[in-house]
Each structure stands twice: as C-alpha cells, then as structure tokens.
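What follows is a set of notes on a single structure, which appears directly below.
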Amino acid sequence: MAVLALLTIASTSVQAQVAPRDSLISRGDRTIWHEHHPSEREWGYAQAIVIGNTIHMSGTIGGGATMEEQLRQIYRRIERGLARHGARMEHIVRETVFTKDVQALAAANAVRKTAYAGHTPAASWVQVTRLLSEQALVEIEVTAVLPAAASSGR
Amino acid sequence: MAVLALLTIASTSVQAQVAPRDSLISRGDRTIWHEHHPSEREWGYAQAIVIGNTIHMSGTIGGGATMEEQLRQIYRRIERGLARHGARMEHIVRETVFTKDVQALAAANAVRKTAYAGHTPAASWVQVTRLLSEQALVEIEVTAVLPAAASSGR
Amino acid sequence: MAVLALLTIASTSVQAQVAPRDSLISRGDRTIWHEHHPSEREWGYAQAIVIGNTIHMSGTIGGGATMEEQLRQIYRRIERGLARHGARMEHIVRETVFTKDVQALAAANAVRKTAYAGHTPAASWVQVTRLLSEQALVEIEVTAVLPAAASSGR
C-alpha cells in the first residue's frame, strides 16, 4: 500500500512539520492510526491498528532510488510509527519483507541491521514481481508487541 | 489454497443451500472451521482457526473472470466466514493481498472499499506470479479480532 | 531467511550433535530463540520469538534437491522448533507458504499432510519468483499458539 501516502510525504514535507497529517481513532478496545489520513482513507487502509499490546502495521515503503535509501526511509517510518504508540524497534516480533530484488536486499542488510540495533525479529524475505508503487523496491510489514508490564504504565 | 473448495462451490451451489458443508471442530481453547469440509480436509487446511478473540482466516479466492468479480466474491466469502464466528468486516485488523496484477487490483479498489464500508485495516498488497488456482487473480488473507467486550457475551 | 543457517546445518552436522548451536534469550515477557545463533545474529533475525502463548516462527527453508525433500526437512525443522518451546504441529494456527512452483507444491502435498497428521491450519499458498537462498524452492512461515491450559503447566 502506501503509494499515495508516499507521494504525500514527498510533496508536503514542509507543511507536515507544521500540521501533522496523522489521526488516531479510538474504537472500543482498538486504535486505528492513519499516518497520512486523507490518502490512507482514500485507499482504504490504516498505517496501523493497535489492539491491546499488539501493533499491526501495514506494509511500509519508502522513497529513494536505491535499496539502501528505501530501507533507510522505511525503517525510519516504522520506528516513528512505533514510537507514536509507545513502542520501539526491539518490540517487533515479526517482519515480512517483500522485495523485487532479494539479492540487493541481502547486500543492503547492514542498513536493516543498523535500524534493529541488535534486535532480531522472526523474519521472512520473499521476492515478488511488483509492489503497488512502481518505484518501490521493497515493502516491509511488521507486527510489534508492547511489553506486558509497559502496557499498564502507559 | 481453496482451489478445490472453489470448485465445490461452483458445482454444488444448489445442494449447499440444503445441506451446508461447513463444520466446526472445538479443540480446547480453539475452534477449527472448515467452510467446505471434505475438500479442505483433503487439502489439509481450514478456512479459519478461531482462538480466543482472534479469527485467523486462510487466504481466500473467489470465482469470476475479472478482478472486480473475484474481489466481490472474496469479500462476500470473508464476510460470511466472519459472521459464522460473530465478527464483522470492521473487526479485520490485518489484510494481506496477493495478486497477479496489482494495477488491476488498484483499479478495482472501489469494490474493496465498498466491502469494508469505511473500515480501514492494516494492509499489504503484493504482486506474485501465481496462486494455487490458475484462474485466481487475487487471494486475500485476513485476521480479525472480536471486541474484548463481545467475547464474554458470546 | 535462513540461507546461512542452512549452510551451517550442512557443514556442521557432526559438531551440532555435540554442541547444539541454539540459544534462548529471555527478555521480560518474551523469549528470542536462535536455532543457529551465530548465523542468525549475523543476518539479524531469530528463528522464533515466543511471547505469551504465541510462537512466531521465521520463514523456514530446508535442504534437498526436490520439493518433496525440502518440504520434509522444513516440517522436521518446524516440528523440532515447536518442541523446543513445548508446542506441537497441531498448535500451528497459521501457515504461509511461499514457493517458486505452486504446482510442484500441490503435487507434493502428501508430505505436508503427513507432517500435519490430520491437523488443518489456516493457510495461504503463493508463488513468488525467488527466496533468499537460490536453492530454496519453498519457504514456510508458521505461527503457533500453545493451549491456554498448557501454558500455566509448563
């Protein structure tokens, strides 16, 4: 997903600093988080749904022309998204990586490892033919679980 | 999955109205639901496993010659499957869409949005080369979580 | 993932019997399990993360030249991995199978069904263009949930 959201980032980075475009909707036991709410609602998805301690995050893409650049932007977006809900990279329990070039991904793994800073999630990497955005080389879907103890203290 | 199940639907739609082919097996804290039990057992999968408040639904395909028709049938099946376990489309927390043509999928997104009726799950869309059924253009896997309050009242 | 881990298995099977290479790291409410810890840490993933009753297992590949052989090794690895955390194949709630040849996978389904011994998880099968390891024909990601009752008795 996130093709339009990405264009939104690119074209409104200045305004975004002034007026953040995200929105949190609370529905009973869950929170629906639109990182870029007009475009995500237009496409019909949410960047994350938080229910109990679990953060289900949408497949995330990033701008940039190379695998390294895209990975860097993706993990920055994921990290910021997790922080919005009180979580950190180390709380990611599962990562599924869909990429158009798994060898380029493997070659750029240092970027991914830097983002995880020693944390090692359960992971699956697969090579697909295309993502929604034609420019996207890689899309990363994560699920994070906040520590049981932390949830009461939030 | 669901290639044989789909053929079953096509060939037995009349009988299905008379004698529903689904089966619910309760095993301790979980329920195993076969939507079309002879074919699903033959293939070795269940259309859904329900454990606690969570409904893990298998990748679902639908009949029809076009992306629009298949999407319509898929979401109808998913909606009916969720209803079987007391859930609705708005309880879907994560959707992973595997398609042979992501551009056709994007073009048919109005069908998907109608099915969700304003709900926006966390979602990932990827283009793959083939699904189990050769006719399938798209397969959709969802996970739904019933509201915590509702679970005690079921 | 697991390309290097697999090479490790192939080249060190004798030593592995003497000095198992797995490691369990306990971090608050979760356990990080490295089946082959030097290579998994090097790549930046864990074969499984266990949190509460849920075992999130990485996409698993196996050695062998044919689909049948790879499936046999994969399910043996998954079964052993689950056993390490007190779970069995019947506790798998969701299976996602990524394969380079979905028709060969369907033809070899008897191997998979033998491994499940009558259990039927929720499942999605998709055909992709490549996995991380060039030799891998199939990669299987599973999530298992231990019975609620069993968790207190462990």
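Residues in the stretch B:35-57 that are at the interface with chain C (Cβ under 7 Å from one of its Cβ atoms), over 21 Å from residue B:147 (Cα atoms) and touching a strand residue (DSSP E or B) at 6+ places or on another chain (Cβ under 7 Å): B:40, B:41, B:45, B:46.
For (1) out of contact with any strand residue (DSSP E or B) (no Cβ under 6 Å at 6 or more places or on another chain); (2) on the phi > 0 side of the Ramachandran plot; (3) within 12 Å of chain C (Cβ to nearest Cβ), each residue gets a yes or a no:
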position	(1), (2), (3)
A:62	yes, no, no
A:73	yes, no, no
A:103	yes, no, yes
A:123	no, no, yes
A:128	no, no, yes
A:131	no, no, no
A:134	yes, no, no
A:138	no, no, no
A:146	yes, no, yes
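The residues listed here are A:128, A:97; of these, the one that is of a type in the set (A, V, I, L, M) and over 17 Å from residue C:44 (Cβ atoms) is A:128.
Of the residues making up the stretch A:96-117, at least one is assigned to a strand (DSSP E or B) and of a type outside the set (S, T, N, Q).
Let's see how each residue does on (1) surrounded by fewer than 22 Cβ atoms within 10 Å (Cβ to Cβ); (2) touching a residue at least 40 places away in the same chain (Cβ under 8 Å); (3) more than 27 Å from residue C:146 (Cβ to Cβ):
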position: B:64; (1), (2), (3): yes, no, yes
position: B:98; (1), (2), (3): no, yes, yes
position: B:107; (1), (2), (3): yes, yes, yes
position: B:117; (1), (2), (3): yes, no, yes
position: B:121; (1), (2), (3): no, no, no
position: B:142; (1), (2), (3): no, yes, no
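Of the numbered criteria (1) touching a residue at least 24 places away in the same chain (Cβ under 8 Å); (2) part of a helix (DSSP H, G or I); (3) of a type in the set (Asp, Glu), the one residue B:69 fails is (1). Screening the stretch B:51-62 for residues that are buried (at least 17 other Cβ atoms within 10 Å of the Cβ) and out of contact with any Lys or Arg (no Cβ under 6 Å at 6 or more places or on another chain) and picking the one that is nearest to residue B:97 (Cα to Cα) gives B:59.
Take the stretch C:19-50 and flag every residue that is among the aliphatic types (A, V, I, L, M) and surrounded by fewer than 21 Cβ atoms within 10 Å (Cβ to Cβ). Within the stretch C:19-50, C:19, C:24, C:25 qualify.
Where a number appears in this text, it was derived from the coordinates with a stated rule and is not lab data. This structure is a prediction, so every number in the text was calculated from the model and none was measured. Backbone-built Cβ (ideal geometry, glycine too); neighbour counts: all protein chains shown.
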